[in-house]
Amino acid sequence: MSARTLRSLCQDRGYKFGHFVVEFATPGIGHILKGAGCDFVLFDTEHSGFSTDVVKACVRYFEAAQLPAIFRVPSKSYHHLARYADMGAQGIMVPLVNDAGEAQELTSFVKYPPDGRRGVGVGLAHDNYTGGAVPEKLRRLNERNCLFVQIETAAGAENVDAIAAVPGVDCLWLGHFDLSCSLGIPGEFAHPRFTAAVDRVTAAANRHGKALGRLVTDLESGLDCAAQGFDFLAWQGDVWALQGAVRDGIEKLKSGIAERRLARP
């Protein structure tokens, strides 16, 4: 069976499970996550501080593990989106998308003419340093690359139907913390304003046949998101998963030692 691509994952409405990497860009990270059962990885450069050199290396780490990767860029700037695409990122996530005009511009940054206005550089990392007919190569790269837009502002949630209708937008990704802050209810995920915004996002994704993603940090929220129609589910982030596992192990070890001491005659 051939390895799944990010394009095939975006076109499949079945559940896809992944992990959020914000700290551990080690050479083995792709194989570690693939071995853990991940279908994809979300690699963050908005908050992590990873350099472009690290991104370029991690593209290859994930390729080696045959693990589809989404790279979140630091901003909506052309040079971030186009540069990440040139380094070989097949999936690009953009934060804080507010309206359809922005979504159209972002699409143009990652697509070559005639679908966009990305500057052409061939025989580089993104096409594995190969030659070949340029028109066919550009068509193939346009088909391969996927754009994930984050709906995490009040404006984005208000305009989400128009954003979802933009050709070239492959996935709506809910940024739950930023969205709650933008709505004036930080962290209040059960608040009616927040749940109404989520309903608009899920409805837009369904109406326009777009994938729908979100970070989930516990079992109950993950099950709730799956029931709401989210199909890209990123389970936890590397920092919090490791920290939680180590904390849990140490607490259990301390408790076990204390119980044995009490049990001694």
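Any read-out appearing in this document is the output of simple, stated calculations on the displayed coordinates, not a laboratory observation. Small disclaimer: the values here were computed from a predicted structure and weren't measured. Virtual Cβ from ideal backbone geometry, glycine too; neighbours counted across all protein chains shown.
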Could you sort 182-192, 158-168 so that the peptide with the highest average Cβ count within 10 Å comes first and the rest follow in order?
-> 158-168, 182-192
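Checking the a/c ratio against 1.5 first, then a/b against b/c, what shape does the Cα gyration tensor give for the range 1-132? Don't skip to the end; give the middle numbers.
On the way: a/c = 1.41, a/b = 1.32, b/c = 1.07.
In terms of gyration-tensor shape, rounded.
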For labels at Arg4 and Tyr129 in the simple 7 Å Cα→Cβ model, what's the distance in nm?
-> 3.1 nm
Mind checking the angle between helix 192-208 and the chain's longest principal axis? C-alpha axes, 0 to 90 degrees, to the nearest 10.
-> 40 degrees
FRET efficiency for Glu188 and Gln11, Cβ-Cβ distance as r, R0 = 45 Å, nearest 0.05?
-> 0.85
Helix 219-228: inclination vs the chain longest Cα principal axis, degrees, rounded to 10, gives 40 degrees
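Are any of the pairs Lys76/Lys111; Lys34/Lys252; Lys16/Lys252 more than 24 Å apart by Cα-Cα distance, and if so, which? Each step should come with its number before you reach the end.
Details: Lys76/Lys111 15 Å; Lys34/Lys252 28 Å; Lys16/Lys252 32 Å.
Result: Lys34/Lys252; Lys16/Lys252 exceed 24 Å.
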Which of these, Ile70, Ile151, Ile250, has the largest mean-square fluctuation under a Gaussian network model of the chain (Cα springs below 10 Å)?
-> Ile250
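Under a Cβ-only charge scheme (Lys and Arg +1, Asp and Glu -1), can you give me the dipole magnitude of the chain about the Cα centre, in debye to the nearest 20?
Working: 28 positive and 30 negative charges, 141 e Å.
Here the size comes out at about 680 debye.
Using the Cα gyration tensor of the chain, with a ≥ b ≥ c the square roots of its eigenvalues, what is the shape: rounded (a/c below 1.5), prolate (a/b larger than b/c) or oblate (neither)?
Values: a/c = 2.21, a/b = 1.37, b/c = 1.61.
Since a/c reaches 1.5 but b/c is at least a/b, the shape of the chain is classed as oblate.
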Determine the distance separating the Cα centre of the range 6-51 from the Cα centre of the range 181-238; give it in Å without decimals.
-> 18 Å
Ranking Val94, Val166, Ala57 by how far each Cα lies towards the positive end of the charge dipole of the chain (+1 on Lys and Arg Cβ, -1 on Asp and Glu Cβ), the top one is Ala57
Degrees, to the nearest 10: 52-64 long Cα axis against longest axis of the chain | 80 degrees
